[in-house]
1. Name the single residue that is surrounded by the most Cβ atoms within 10 Å (Cβ to Cβ) among those in region 126-143 being touching a Ser or Thr at 6+ places or on another chain (Cβ under 9 Å) and among the aliphatic types (A, V, I, L, M).
2. Could you tell me whether any residue of region 26-40 is over 15 Å from the mean Cα position of the chain (by Cα), at pLDDT 95 or above and not polar (S, T, N, Q)?
3. Determine whether LEU147 is out of contact with any Lys or Arg (no Cβ under 6 Å at 6 or more places or on another chain), modelled with pLDDT of 95 or more and either surrounded by fewer than 15 Cβ atoms within 10 Å (Cβ to Cβ) or of a type in the set (A, V, I, L, M) (or both).
4. Would you confirm, using the coordinates I've provided, whether ILE141 is in a helix (DSSP H, G or I), more than 30 Å from GLY10 (Cα to Cα) and under 14 Å from the mean Cα position of the chain (by Cα)?
5. For a quick check of your reading: which helices (runs of 4 or more DSSP H) sit entirely within region 1-74 and have at least 2 residues that are touching a Pro at 6+ places or on another chain (Cβ under 6 Å) and under 20 Å from HIS136 (Cα atoms)?
6. Yes or no: THR113 of a type in the set (S, T, N, Q), farther than 14 Å from ALA24 by Cβ and surrounded by fewer than 12 Cβ atoms within 10 Å (Cβ to Cβ)?
7. Can you go through ARG94, ARG35, ARG22 and tell me which one is surrounded by fewer than 18 Cβ atoms within 10 Å (Cβ to Cβ), in contact (Cβ under 8 Å) with a residue 12 or more places away in the chain and within 18 Å of PRO129 (Cα to Cα)?
8. So how many residues does region 95-136 have that are assigned to a strand (DSSP E or B) and more than 17 Å from ARG23 (Cβ to Cβ)?
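The values are calculated or read from the model by the stated rules, or taken from the named source; none is laboratory data. Model, not experiment: these values are computed from the prediction. A quick note on method: Cβ atoms are made from the backbone with ideal geometry, for glycine too, and the neighbour counts reach across all protein chains shown.
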Amino acid sequence: MLSSDAEVTGRLQRVVDELEIRRAITDYAALVDARQWERLRAVLADDVRVDYHNGRSQVHGAQAVVDYIVANTAHLAWQHHNVSPYGIDIDGDRASAQAYLVSHQVIADEPGTVLMMAATYDLEMARGPKGWQIAHMVHRIMVANYLPITTSPPGGAHVPPAVRH
C-alpha cells in the first residue's frame with residue numbers, strides 16, 4: 001500500500017526531529033567537555049530544570065545550569081562524556097528520551113587518578129525557535145569509581161602494542 005504525501009512528510013519530519021534531538025543531547029555532553037559555555041547555553045531551554053547527582057542538586061534556568069557546570073568542573077584537568085541517546089518519543093513539539101552516560105574525568109590536583117562514572121539522563125525536550133532543546137533533565141549516577149591511571153595492564157592481560165603507551 002502506498003503512503004500519501006502527507007504520511008511520507010510526517011514520517012520524514014519524525015526522522016529529522018529524532019536526529020535533531022539526538023544532536024542536542026550529544027552536543028550537551030560535548031560542549032560541557034569542550035567548555036564551550038555559550039554554545040552549551042543554546043542547547044538548554046530558557047526555563048530548563050535539571051536534577052543532578054541523584055537529585056542532590058536542582059538547578060533552574062539555562063544560565064544557572066551553565067554556571068553550575070562551570071563551578072562543578074573547574075577542578076578538572078579534562079573530562080570526556082560519552083552519551084548514547086535512545087528511547088526517543090516525540091509528541092508534537094515535546095519529546096522524552098533517555099541517554100546512557102559513561103564519563104571519565106581527571107582532577108587537576110590528582111592527575112594519576114580518573115573518575116569513571118556510569119549514569120543515565122532522563123530528558124524532556126522542547127522544540128522552540130532555536131530548535132530542539134533540553135527542557136528537563138534528571139541525572140542518575142549508577143556507579144562512580146576512582147581508578148589509578150597506569151601504563152601497565154592488569155596481571156596477565158594482553159594489550160596489543162598499538163594501544164600501549
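1. VAL138
2. So in region 26-40, the residues over 15 Å from the mean Cα position of the chain (by Cα) come out as 38.
Pick out the ones that are also at pLDDT 95 or above and you get 38.
Imposing the further condition that a residue be not polar (S, T, N, Q) reduces the set to 38.
Yes: one or more hits.
3. On the way: out of contact with any Lys or Arg (no Cβ under 6 Å at 6 or more places or on another chain): yes; modelled with pLDDT of 95 or more: no; either surrounded by fewer than 15 Cβ atoms within 10 Å (Cβ to Cβ) or of a type in the set (A, V, I, L, M) (or both): yes.
Against the criterion (out of contact with any Lys or Arg (no Cβ under 6 Å at 6 or more places or on another chain), modelled with pLDDT of 95 or more and either surrounded by fewer than 15 Cβ atoms within 10 Å (Cβ to Cβ) or of a type in the set (A, V, I, L, M) (or both)), LEU147 does not qualify.
4. Values: in a helix (DSSP H, G or I): no; more than 30 Å from GLY10 (Cα to Cα): yes; under 14 Å from the mean Cα position of the chain (by Cα): yes.
Taking the combined requirement at face value, the residue does not satisfy it.
5. Numbers: elements: 5-34, 37-43, 62-73.
The qualifying helices (runs of 4 or more DSSP H) are 5-34.
6. Details: of a type in the set (S, T, N, Q): yes; farther than 14 Å from ALA24 by Cβ: yes; surrounded by fewer than 12 Cβ atoms within 10 Å (Cβ to Cβ): no.
So THR113 does not fit the description; no.
7. Values: ARG35 fails: within 18 Å of PRO129 (Cα to Cα); ARG22 fails: surrounded by fewer than 18 Cβ atoms within 10 Å (Cβ to Cβ).
Going through ARG94, ARG35, ARG22 in turn, just one is surrounded by fewer than 18 Cβ atoms within 10 Å (Cβ to Cβ), in contact (Cβ under 8 Å) with a residue 12 or more places away in the chain and within 18 Å of PRO129 (Cα to Cα): ARG94.
8. Kept after step one, since they are assigned to a strand (DSSP E or B), are these residues of region 95-136: 95-107, 113-128, 131-136.
Keeping just the survivors that are more than 17 Å from ARG23 (Cβ to Cβ) gives 102-107, 113-120, 122, 136.
So the answer is 16.
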